[in-house]
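What follows is a set of notes on a single structure, which appears directly below.
The values are calculated or read from the model by the stated rules, or taken from the named source; none is laboratory data. Model, not experiment: these values are computed from the prediction. A quick note on method: Cβ atoms are made from the backbone with ideal geometry, for glycine too, and the neighbour counts reach across all protein chains shown. SASA here: full protein model, heavy atoms, side chains in, ligands and nucleic acids out. Shrake-Rupley method; radii C 1.70, N 1.55, O 1.52, S 1.80 Å.
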Amino acid sequence: MSVRIRAFEVADEDAVVSLWEEAGLTRPWNDPRADIRRKLAVQPELFLVAEEGDAVVGSVMAGYDGHRGWLYYLASASSHRGQGIGRALVAEAERLLSALGCPKVQLMVRPDNTEARGFYEALGYTPFDTWATGRRLIVDGPGGPA
């Protein structure tokens, strides 16, 4: 496996959106292309892709707000699962966050996504007993609040 991890480039957009769709990460109320545009405006160096040859085979978005880091949109192509791409992307995101002085990193996983939960637990992530909540400020698509 000759996979290289690098910063996202604008030319990667179609491949990344396809990857997210294949991985089941997209939702009707989140426009993935709008999420990409927003990420490119804030800490774009923390948006990573894994590529093999000319193909994007993984991605992760990271962010740091000065208090904690966050991971989003971690995905690897189904054809490349089990090859360590997800682990490598998380490790690189953690390295970049650590270099910024980030003391901790968190993420959210849907309760029914047992595969992702097992993946993160194997990396040493511990579930918290917290109540996660949110509020949409910009409606990207159908399914969101009016």
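Quick look at the numbers
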| item | result |
| --- | --- |
| Every residue from segment 16-57 that is open to solvent by 40 Å² or more (accessible area, probe 1.4 Å), touching a strand residue (DSSP E or B) at 6+ places or on another chain (Cβ under 7 Å) and touching a residue at least 40 places away in the same chain (Cβ under 8 Å) | 25, 45, 52 |
| Top-ranked residue in segment 91-135 [being under 25 Å from residue 29 (Cβ atoms), in a helix (DSSP H, G or I) and hydroxyl-bearing (Ser, Thr, Tyr); ranked as least open to solvent (accessible area, probe 1.4 Å)] | 120 |
| Options 75, 88; residue that is touching a helix residue (DSSP H, G or I) at 6+ places or on another chain (Cβ under 9 Å), at pLDDT 95 or above, crowded, with 19+ Cβ neighbours inside 10 Å and not in a loop (DSSP other than H, G, I, E, B) | 75 |
| Residues of segment 1-15 satisfying the condition of being surrounded by 14 or more Cβ atoms within 10 Å (Cβ to Cβ) and either β-branched (Val, Ile, Thr) or touching a Gly at 6+ places or on another chain (Cβ under 8 Å) (or both) | 3, 5 |
| Residues of segment 123-137 that turn out to be touching a Lys or Arg at 6+ places or on another chain (Cβ under 9 Å) and hydrophobic (A, V, I, L, M, F, W, C), as a count | 1 |
